[in-house]
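Before any comments, here is the structure.
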Amino acid sequence: MSSTTSDAGIPLLTEVIPGPAPADSKHAVTTQATIEGVKEDISTLEARAAAILEEEEWDRLEREIRERVLYQIIERIDFVLEQRVRDSLADVLQTAVEGLAADIKGGLHASMRDVVTRAVTHEITKLKSAKK
C-alpha cells in the first residue's frame, strides 16, 4: 500500500492532465513559430541590408575610382594634346617663318636691286649732264 501513496502524484494513463486550453496551446505554438519566423526575417533582412550596403559601398567605390581615373586621363590627355599642338604649331610656325623669311629676303633683294639700279642710273645721268 505504500507504493500507492508514493504513486499518488503520478497520473494514470486514463486521467486527463489539466493544462493550457487547446486554443492556448495552439496560440503558444503559433507565437513561437511567429517569433522564429520574425527572427528569420530579421536575420534575412539584416543579411539583405548588409548586402545592399556592401553593394552601395562597392558602387560608391566604383564611382570614385572611375572619377579619379577619368580625371587622371583627362589631365594626361590635356598634357599630351598640348604637347602635340605645340609640336605641330612649332612645325607650322617654322615652315611659315622660313617661307616668310624667304619672301622677305626675295623682296629685299628685289628692292635693293631696284634702288641700286636707280641710284646708278641717276649717278650716270648726273655725270653725263655735268660733262655737257
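Of note:
- When the test is whether a residue is at pLDDT below 90 and not basic (Lys, Arg), GLU56 passes it.
- Residue in the stretch 104-111 that is in a helix (DSSP H, G or I), under 55 Å from the mean Cα position of the chain (by Cα) and without any contact (Cβ under 8 Å) to a residue 12 or more places away in the chain present: yes
The values are calculated or read from the model by the stated rules, or taken from the named source; none is laboratory data. Note that the coordinates shown come from a computational prediction; the quantities given were computed from them, not determined experimentally. Positions of Cβ are generated from backbone atoms using ideal geometry, with glycine treated the same way; all protein chains shown enter the neighbour counts.
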